[in-house]
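Chemist: The following block contains the structure, expressed as structure tokens.
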Amino acid sequence: MTTYVYPFSAGSMEQKDLLGGKGANLAEMTRMGLPVPPGFTITTEACRYFMHHGDIPAGLTEQIRLQLIGVEEAIGRRFGDPHEPLLVSVRSGAARSMPGMMETVLNVGLNDETVHGLAAMAGGDERFAMDSYRRLLQMFGRTVQDIDADLFEEVLDRQKAERGVATDVELSAADMARVVEEFKAIIRRETGEDFPQDPHEQLHRSMLAVFRSWNAPRAIVFRNAERISHESGTAVNIGAMVFGNLDEDSATGVGFTRDPATGAPGIYGDFLVRAQGEDVVAGIRNTRSLPELEQVMPEVYAQLSGIMEQLEEHYRDLCDIEFTVESGTLWMLQTRVGKRTAAAAFRIAATLVEEGTISAEEALTRVSGAELTRLMFPHFAPDPGRRAIARGMNASPGAAVGPLAFTNEEAEAAQRDGTPAILVRRETNPDDLAGMIAAAGVLTARGGRTSHAAVVARGLGRTCVVGVEALEVDEADGVIRLNGEIAARRGDEISIDGTTGEVFLGAQPVEPSDVARYLSGEVTVEQAAAGEAGELVQAVHLLMGVADRVRRLRVRANADTPEDAARARDMGAEGIGLARTEHMFLGDRRPLVEALILAATPGERQVALDALLPLQRRDFLALMQEMGERPVTIRLLDPPLHEFLPDITELSVRIARAEEHEGATEHDLRLLDAVRRLHEQNPMLGLRGVRLGLSIPGLYGMQVRAILEAEALALADGGAPRVEIMIPLVSSVRELREIKQELLAVRDDVRRESGQDLTTTIGTMIELPRAALRADEIAQEAEFFSFGTNDLTQTTWGFSRDDVEAGFFFTYRDRGILLISPFESLDQFGVGELVRIGTERGRSTRPGLKVGVCGEHGGDPASIHFFHWAGLDYVSCSPFRVPVARLEAGRAALLEEEFTPQH
Ligand code: PEP
Ligand code: MG
């Protein structure tokens, strides 16, 4: 029979997939001999069974009962015992952390009888027992029975108002007993049933609520944003309750073994005396900083800091923890390798290398391209005159500017308008996730650096400032007030600095990051080291060095102009993987292209081509000179010709208007004729790529002549250009054979005319499924391959690359059919399979065939790992993404053994 339940004493941190992150780490801490309340984990497998069958697997209930007996024995109390009841917590815990996304029910096991037993155990503290009971009713009502949380809050608020007190702590035992009765009445009224008195029923239903919360809308939104599979399910952890709200010697808190915002060493966190865990993270009460615990409970603090040190040593990384102190006894409720900002990730990785804890290679695996991207974001330009209107805590770095938004809907609307907002909330909760994703930054009035807003914003890479206590958020009136005065209204622009915690009115000017300036070669590492972000730049420098040393993939850039080429080179590009020549046909050259398209005779066509030739030669020479000895891949003209002609409607209107007056020009009439002639229902599947080369005599010949003459000039000038000519949109070897005849003849001519020994190679793009499947034949003619994964994705899925991301993609994503657009991150199973097949077949004909990729995926971290795995030689991406590609290519080499293609 399948085991669905494991005691904490039986697992380890390796079992995250089965036990979830929280369960695996609780087991690990138990193994380490740390004080963890006894408990057990119901596996993710049980959750998956429940999701598929709508019911729990046979035997689960019995296994839970058995493990519960184990907990009873370990703690010496029985579940449901009226005198000394065992109470348990029921917490979710997926394989990958989803903070605050799923449900938790605490104090399970309390009922009208056991509540008095609990009071007796707490030395007759009826208030404490009633408070615990009302928390259970509240959490059970909300999560298990789906009752509006506000109904409970209103009762509490009313009770406080009647008593004239500000906080829950000031309510008496009798007040709490009244709250309990009112909560029970709410449950009865809203559900038609009494709150279940049977502890086993409470436990069972709480577990089901956790299972169900896996598919709550906010959890789905979160998984989409984090690219977590919807299939894996959550584990459920059942642990003996310990109470941080028992007495003045009790407390609860969260902590980090280093500063998760900057990576600086030293214990870091928040705690509250006489409180339960959710009080700290909810940001409802203002917390105290963890080092202050030393004054309040010196012995506990010494033990806790020792454990934190032990955890960091054991996990060899920054850990975060949750703990509770019950009457002076410390209990560890959770640990995991902690989330951190991008800056902290780099600094901690580099520090751990310096401290000798991990190798430089391992340090590289601890950071990511996504984090590097974040570090390359700009920050506010220094301005001594600028005055912050308020200051809070710097929860997630960066500079964010945008219109003020109060709700998810407003933030999403602003994003659609192309001006992402600053989402301002009193405090955030998981329902605000959609707004946080859509926003440029998040600002809250309450909460600390470990509050929901802070944790989630860091995870999303959103700039975030929390705990601006002077701030009053009035969503109803659409204003924020500072000390009673209106400071800004809905839609007004504000700026927040997640690095300093400052808030400014208006759109403040931003400037580039030091990391970006270093990575683009604008400043040297030595110059940057003297600056404010010196340690960070040094950490980046160290890890980029490791990446460049270990990576097998080369990194090139897509660049069409000498300026782009220079930028790419400064960013570390080792060549140009794609120069799109169509961009050289726009602007003031458009009339020349029009003349080419309108040419009625071979003579007219030749005149047009002759006019374009010297211009193209100049373009190519400039690119070659910029790149020196690095390879430059130039692609012959690709897009449908009508893209160079006016829009048919505009042209028709112009002609109609002209005809009312002096009559249309001959030129316009010929243009209209051409536009009509070239019109296609599906231009992306039409006359483009090699089909143009084969249909318009002399076009590709002119381009190739320009390339080769430029190469000859560069050679004559003492250069050593490495030029690669690339044919787009090939599907059959015959196309390539045909066009190559023309090109080779030109090459012979230019060789003879210039007397230079041209080394140009001729290769092809592989961007149609047929080309990938027939790659063995195609490699007979092609000297290299470059996968055009943009078109390959378009033609493999049958999705229009220009439309899908604004269209039904969102429906697909919401329904879980696609987690991410296949145009953003390679579809490894489908399109990736064609890349793999194409490479393998190409090399079966031509061993050692050079294979690269030049679609957008060349700069996407997950895709880069796939290309490494598939054995490609290089990726080519936009210049700004080159550093990220270098870093990820290094990580791909180090992590190759763990790689398998992903959905
Ligand atoms: C591609 O299709 O992936 C490609 C690089 O070419 P383009 O985007 O210019 O069609
Ligand atoms: Mg293409």
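What follows draws every value from the coordinates through simple rules; no lab data is involved. Predicted model, so just to flag it, every value in this text is computed and none were measured. So basically every Cβ, Gly included, is an ideal-geometry build from the backbone, and we count neighbours across all protein chains shown.
Chemist: Given H placed 1.01 Å from N in the peptide plane, which residues other than close sequence neighbours of C464 have an amide H under 5 Å from its amide H?
Modeler: A395, S396, V442, G498
Chemist: For the pairs K160/K184; K16/K184; K740/K850, note any where the Cα-Cα span goes beyond 26 Å.
Modeler: K16/K184
Chemist: Just rank T3, T633, T104, fewest to most, by other beta-carbon atoms within 10 angstrom.
Modeler: The fewest-first ordering by Cβ neighbours comes to T3, T104, T633.
Chemist: Radius of gyration and Dmax for region 689-773's Cα atoms, expressed in Å?
Modeler: Just the Cα atoms of region 689-773 yield Rg and Dmax of 13.7, 42 Å.
Chemist: For a footprinting-style exposure proxy, rank V875, V456, V273 by other Cβ within 10 Å, fewest first.
Modeler: V273, V456, V875
Chemist: If each residue's Cβ is checked for other Cβ atoms within 10 Å, how do W214, W797, W331 rank with the fewest at the top?
Modeler: Ranking W214, W797, W331 by Cβ neighbours within 10 Å, fewest first, gives W797, W331, W214.
Chemist: Can you pull the one-decimal nm distance between simple spin-label points at R391 and L773, each 7 Å off the Cα toward Cβ?
Modeler: Between R391 and L773, the simple spin-label model gives 6.6 nm.
Chemist: Suppose R0 equals 56 Å; then what is the FRET efficiency for E522 and F810 from their Cβ-Cβ distance, rounded to the nearest 0.05?
Modeler: 0.90
Chemist: Moving to a separate point now. Under 8 Å for C-alpha pairs, at least 6 residues apart: give me the relative contact order for the chain, rounded to a whole percent.
Modeler: Relative contact order comes out at 9 percent.
Chemist: When the Karplus curve 6.51 cos²θ - 1.76 cosθ + 1.60 is applied with θ = phi - 60°, which whole-Hz ³J(HN,Hα) does each residue of region 744-756 get, with x for Gly and Pro?
Modeler: Here the 3J(HN,Hα) series is 5, 5, 4, 4, 4, 4, 5, 4, 5, 5, 8, x, 9 Hz.
Chemist: Let me ask you something else. Given the rule -39500 (n - 2.57) for each run of at least 4 DSSP H residues, summed and divided by the residues of the chain, what is its mean residue ellipticity at 222 nm, to the nearest 500 deg cm²/dmol?
Modeler: Rounded to the nearest 500, it is -14000 deg cm²/dmol.
Chemist: Would you pull out the residues with amide H under 5 Å of A488's amide H, same chain only if 5 or more places away, H placed 1.01 Å from N?
Modeler: I480
Chemist: Determine, for each peptide in 597-609, 468-480, the mean count of other beta carbons within 10 angstrom over its residues, then list the peptides with the highest first.
Modeler: Per-residue Cβ counts within 10 Å, averaged per peptide and sorted highest first, yield 468-480, 597-609.
Chemist: Suppose the Debye formula is applied to equal point scatterers at every Cα of region 201-251; what is log10 I(q)/I(0) at q = 0.22, 0.26, 0.27, 0.30 Å⁻¹?
Modeler: Treating every Cα as an identical point scatterer, log10 I(q)/I(0) equals -0.83, -0.95, -0.99, -1.11.
Chemist: Straight-line reach from K22: which lysines fall under 30 Å, measuring Cα to Cα and dropping same-chain residues less than 8 apart?
Modeler: The qualifying lysines are K339.
Chemist: Something else about it: If Lys and Arg each add +1 and Asp and Glu each add -1, what is the summed charge of the other residues whose beta carbon sits under 12 Å from the beta carbon of V884?
Modeler: Its environment carries a net charge of +1.
Chemist: Within 14 Å, Cβ to Cβ, of L553, how many net charges do the neighbouring residues add up to if Lys/Arg are +1 and Asp/Glu are -1?
Modeler: Summing Lys/Arg as +1 and Asp/Glu as -1 gives +3.
Chemist: Work out the FRET efficiency for A745 and E896 from their Cβ-Cβ distance, taking R0 = 45 Å, and round it to the nearest 0.05.
Modeler: Using R0 = 45 Å, I get an efficiency of 0.55.
Chemist: Once you place label points 7 Å from the Cα toward the Cβ at R589 and E226, how far apart are they in nm?
Modeler: Simple spin-label model gives 4.8 nm for this pair.
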